[in-house]
1. Gaussian network model of the chain, Cα springs within a sub-10 Å range: biggest mean-square fluctuation belongs to which of 90, 138, 80?
2. Can you tell me the Rg and the Dmax, both Å, for the Cα atoms in the stretch 35-116?
3. Which value in Å does the Kirkwood hydrodynamic radius of the stretch 85-124 take, with 1/r averaged over all unlike C-alpha pairs and then inverted?
4. Under 19 Å from a label point 7 Å along Cα→Cβ of residue 114: give me every residue in the stretch 61-105 with its amide N that close.
5. For helix 53-67, report the angle its Cα long axis makes with the longest principal axis of the Cα atoms of the chain; keep it between 0 and 90° and round to the nearest 10°.
6. Carbon and sulfur together cover what percent of the accessible area of the stretch 28-112 at a 1.4 Å probe radius?
7. Given the options 32, 120, 141, which has the most mean-square fluctuation in a GNM of the chain, springs set between C-alpha atoms less than 10 angstrom apart?
8. Per 0.36 nm of contour for each residue apart, how much would the distance between residue 40 and residue 55 grow if the chain were fully extended, relative to their Cα-Cα spacing?
Amino acid sequence: KAPGTLATLYNHKFILDANGLGYLYKSSRNTIIFKTEYDSKFYAVRFFLQDDDELFRRYHQVEAFLNSKNLSWKVPFRFMDEEYYPVVSMDWVDGLSFTDYFDLIMNNPSLISQLQEQLISLSRDLEKNGIGHGNLNMKHIRFVKDGQNYVLKLIDYDSMFIAPFKEKD
C-alpha cells in the first residue's frame, strides 16, 4: 500500500488548471473537485468539505444500486471511504453542458427533435427504475460525442433518490 492518508489516489496525477497555477478544477458549497489521470484515463475526484455520515451511507447504496443497472446515462463512479476521508471518483465526462449542446444544435430542428426524444427517454428511464437525480440542472446534464452523435450523461449523484430510499427522510 502506498504511503499517505489517501493511498487509493496515490498513483493519480492531479491535472493543473488552464492557467497552470493550481490543481483545483471546481468547487461547490459541499465539495472540491479535481481532475486526475490514472492509467491513461481521466477522473473527477470529489473531496467532501463536510462530514456527512448520512450522505456517505446513501452513496454506498446509490453505488450498489446503479452498478446493478444498465443505464445509458450513468457514469461509472466509486465511493471510497476506506481511507481517512471519503471521496468519490467518477469517470471524467469530457462533453458539453446542456446549454452548450443546445447552442450547438439550436438551428437544426432535426437535432432539437432528437434532444426532445433523449429527454423523454431519460425521464422514462429514471421513472421506470425508481430514480430521481435530485439536482438535475444544466451543468449536470452532459452530452458526450460518440461517433457522429451525442450521448446524454448525468453527473453529480449527491442528491440522488433511488427506490430503496422510499419511506426514508
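The values are calculated or read from the model by the stated rules, or taken from the named source; none is laboratory data. Predicted model only: the values in this text are computed from it and were never measured. Virtual Cβ from ideal backbone geometry, glycine too; neighbours counted across all protein chains shown. Ligands, DNA and RNA are stripped out before the accessible areas are found, and what is left, the full protein with its side chains, is counted by its heavy atoms. Shrake-Rupley method; radii C 1.70, N 1.55, O 1.52, S 1.80 Å.
1. 138
2. Calculated on Cα positions, Rg and Dmax stand at 16.7, 51 Å.
3. That comes to 12.2 Å for the stretch 85-124.
4. 72-74, 94-105
5. 50 degrees
6. Numbers: 2430 of 4870 Å².
The C+S portion of the solvent-accessible surface of the stretch 28-112 is 50 percent.
7. Looking only at 32, 120, 141, the largest GNM fluctuation is found for 120.
8. Working: separation 15, 0.36 × 15 = 5.40 nm, distance 3.02 nm.
That works out to 2.4 nm of additional length.
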